[in-house]
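This report concerns only the one structure given below.
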Amino acid sequence: MASHPAGSLSSNEEILCVSLHVTGHVQGVGFRPHVYRLAHELGLVGWVRNAMGQVEIVVQGPGSVVEKFVDCLIHKAPPLSNPVLESREPLRCEEFTNFDIRVSESGSAARVFIPPDFFCCDDCVEDINTPGNRRYRYPFTNCTQCGPRYTLIRALPYDRPNTSMAGFPLCDKCLAEYQDPLDRRFHAEPVACPDCGPSLSLVMAGEIIAQGDDALARTVAELRNGKILAVKGVGGYHLMCDARDEDAVQRLRDRKVRPDKPLAVMFPQSGDDGLDAVRGQVSLDDATGMAISGPARPIVLVPRRVDSDLAGGVAPALAELGVFLPYSPLHHLLLADFDGPLVATSGNLSGEPVLTSVRAAESRLAAVADLFLHHDRPIVRPADDPVMRSIDGVLRPIRLGRGSAPLEMALPGRLSEPVLALGGQMKNTLALAWSDRLVVSPHIGEMSSARSLEVFEQVAGDLQSLYGVRAKRLLVDAHPAYTTRGWARQQGLPISSSFHHHAHASALMLDNAWEESCLVFAWDGVGLGEDGSLWGGESLLGRPGSWKRVASFRQFRIPGGDLAAHAPWRSAAGLCWEAGIRWRDCPDTGLVRQAWERGLNSPYTSAVGRLFDGAAALLGRHITSFEGQGPMELEAVSGSTEDYIELPLAADSDDVLRADWAKLIGFLANGSLGPARAGAVFHESLARCVRAKAVAMRDKHGVTTVGLCGGVFQNARLARRSRALLEDCGFHVLQARHIPCNDAGISAGQVMEALGGGLAGLS
């Protein structure tokens, strides 16, 4: 229908005026321009405005046209939005003359949605690739459908003065686009062009050696010469080098002191779906392809092709590569000019959050990068790249980050007070929750450095400030030595704790919107259990706030305690010594054995993660350089089989059904089979153990729904086989969907424990 005032329509229909309140993801995603354009297309009058977390609309016109408007409002919304029609109320008709966008209303921020950082849309990619376009080759091009959000917002409402773009006054042309409701850059807060926006500079040895497009050209030349570049992106810096250059990759590893941990690889966008270059190096199915090219532009773990010509050092001893596409205009230009894949790993020191400032990058990465490609748009807070993996045929999150966080979810009930959940020690995230809302932060990292604590404190403050919610209680892990717990004691707020594996199970329940009683297998490294020992192989029955351990594994003592995290041979030794199994290749049988026999620094554990470590060590991986290396390599090397070692089940004095791993460890220690065969039997044996325990609990308790969570179930082989065996027995199986099943989900689980009443107070 042509655009014209509703009052001029020749219609006998009754004129309606209605007030609409729309909630959901409607901030910073072009929703108001959508409303404006739709109203004008249909010839309706009225107005629209932002009202701190929701959009208010008053629309007037013929009844049938108004109904069409309401339908299109939701079902033809912008792709990055997710609107919900919260209310609709009739109003008395007014003398409107047109349809306007009104000034945003201030008020309580508690209903706001903080948009994540989005990829560069196809229209903007076309702009930067089209000669004659005024944004041709401009690396900071964006519109309402793309570009940075979370990493540049300083305060609400989400308007340009409240972002890190405030220091870049708009030129006349950009201002005209910004103010035109029919332009796709209407109120695109980061909008800019070469005349008024951020710019690039290339620095070597503290001196600027090139600027603008020359900086980009010189960067490409240096990468082709085997140099390592620190490149400032959307949520932080990347360390980049030629992914085909074995020497460059090894230098990056040596300088970053990262001998084995896999490196992510960014590919130029090519072909109709952008994935042609990716397909030349890895095997893609439809699901992984859609994820790689989706709006979040995550790193996705996919099988490496046997004919891949990437440097072997990109992911040594692993069958999968972490691959992703450019997500900013700068990345698009850089990858297109280089015309090949680049290593793009987090610009940080190992275990710390990604660096964001020019000064910090040049200082802390001075010994790693040969040159620095900077830009002058400030990054308000870090957001590392998200990571996903196909597990049992479904893309599941491994790490939350740029494009996938802040992760907002609805709680199944209402909290009595706002809470801030501080997560765990590893793979830390924070979660702010109030009423029936939950927000999980992007990945922070390991809470073992001053830099991690600094970012943790910033994110804790930012979440509360941005959402206008002050926590009245802090939620922590029960482990007394966690950094997060020490920080909590300094804040002057009431503190409550929950057990690590209870939080794992509760996060899974939230992620699947499951509220009935359930049996959850919470398998990971170690976490403090209710009995004071280190759990990690638990089967929990119940629901959030009311979990009962019903099954576990035979315990064993780990010689050296935490030292075993990077010395899998210690787990193998503890397993063999506990079961009286001879392991002739044990690296240390002297003082370590004596300490173990006396119980010195040798805590008991039931952790399946340590069982995996032990298996990897028995098959040759004695020392590791990163968490999970042994189990990841074991998964990669394992063949396929349905042969298995049955793990006997027996109830202990507390009526906990324990699986005995002794026969399985004896089989591995025998050394008669190669790693592929032995690893396959190991995985199959654990999957069969899952099924046996589930059947036993169904026979005893009638439970028919089973959950799989904890870092161990990031193992695609184990997860896939466990699910298949369970479903063959008639079980409904829950797995991670939006919240990582590893320790990144602990903060969300702590909130669910609070909601369910499963907390203990701390003085």
Taking all pairs of distinct alpha-carbon atoms in the stretch 6-101, Kirkwood radius in angstrom:
13.2
Any lysines with Cα under 16 Å of the Lys427 Cα? List them, leaving off those in the same chain fewer than 8 positions away.
Lys261
Prolate/oblate/rounded label for the stretch 58-108 (Cα gyration tensor, a/c 1.5)
oblate
Which lysines, if any, have their Cα less than 24 Å from the Cα of Lys68, not counting same-chain residues under 8 positions apart?
Lys76
Over the chain, what relative contact order in percent results from Cα pairs under 8 Å that are six or more residues apart?
11
Kirkwood Rh over Cα pairs of the stretch 513-736 into Stokes-Einstein at 37 °C, 0.692 mPa s: D in µm²/s?
188
Roughly how many debye, to the nearest 20, is the charge dipole of the stretch 277-342 about its Cα centre, given +1 on each Lys and Arg Cβ, -1 on each Asp and Glu Cβ, and no other charges?
120
Cleavage-rule hits, trypsin sites (Lys or Arg not before Pro), the stretch 391-489, DSSP coil, Cβ neighbours within 10 Å at most 16:
Arg414, Arg470, Lys472, Arg489
With every atom except the alpha carbons ignored, what do you get for Rg and Dmax of the stretch 22-164, in angstroms?
16.7, 52
Do me a favour and compute the ellipsoid semi-axes for the stretch 679-763 from its Cα gyration tensor, root of five times each eigenvalue, largest one first, whole Å.
26, 17, 11
Value of [θ]222 nm, deg cm²/dmol, for the chain, DSSP H segments ≥ 4, -39500 (n - 2.57) each, nearest 500:
-9000 deg cm²/dmol
Convex hull projection area averaged over all views, the stretch 341-497, Cα basis, nm²
11.8
Given Gly620, Ile101, Thr23, which one lies farthest toward the positive end of the charge dipole of the chain, if we put +1 on the Cβ of every Lys and Arg and -1 on the Cβ of every Asp and Glu?
Gly620
Hydrodynamic calc, the stretch 432-542: Kirkwood Rh from Cα pairs, then Stokes-Einstein at 20 °C with viscosity 1.002 mPa s, so D in µm² s⁻¹ is 137
If the cut-off is 13 Å between C-alpha atoms, which aspartates and glutamates fall inside it for Lys173, apart from same-chain ones fewer than 8 positions away?
Asp183, Asp195
With point charges of +1 on the Cβ of Lys and Arg and -1 on the Cβ of Asp and Glu, referenced to the Cα centre of the chain, which listed residue (Leu85, Pro412, Gly271) lies farthest in the positive direction of the dipole?
Pro412
List the equivalent ellipsoid semi-axes of the stretch 185-234 in whole Å, largest first, each obtained as the square root of 5λ for an eigenvalue λ of the Cα gyration tensor.
26, 12, 10
Using only the alpha-carbon atoms of the stretch 265-410 as identical scatterers, what base-10 log of I(q)/I(0) does the Debye formula give at q = 0.12, 0.13, 0.19 Å⁻¹?
-0.54, -0.63, -1.32
Debye, to nearest 20: dipole size of the chain, +1 on Lys, Arg Cβ, -1 on Asp, Glu Cβ:
1640
Quarter of Cα convex hull surface for the chain, i.e. mean projection, nm²:
34.9
Among Thr704, Ser685, Gln555, whose Cα sits farthest toward the positive end of the charge dipole of the stretch 513-736 (+1 at Cβ of Lys/Arg, -1 at Cβ of Asp/Glu, about the Cα centre)?
Ser685
Rg [Å, one decimal], Dmax [Å, integer] - the stretch 512-592, C-alpha atoms
16.2, 51
Distance histogram in 5 Å bins (all Cα pairs of the stretch 230-326, percent per bin)
3, 13, 24, 24, 20, 12, 4, 0
Write down the Å³ per residue value for the convex hull defined by the alpha carbon atoms of the stretch 325-390.
127
Packing-based ranking, highest mean first, of 355-368, 561-574, 658-671 given that Cβ atoms within 10 Å are counted:
561-574, 658-671, 355-368
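Read-outs throughout are calculated quantities, based only on the coordinates presented, and are distinct from any laboratory measurement. All of these numbers come straight from a predicted model, not from anything done at the bench. Counting neighbours? That spans all protein chains shown, and the Cβs are built from the backbone with ideal geometry, glycine included.
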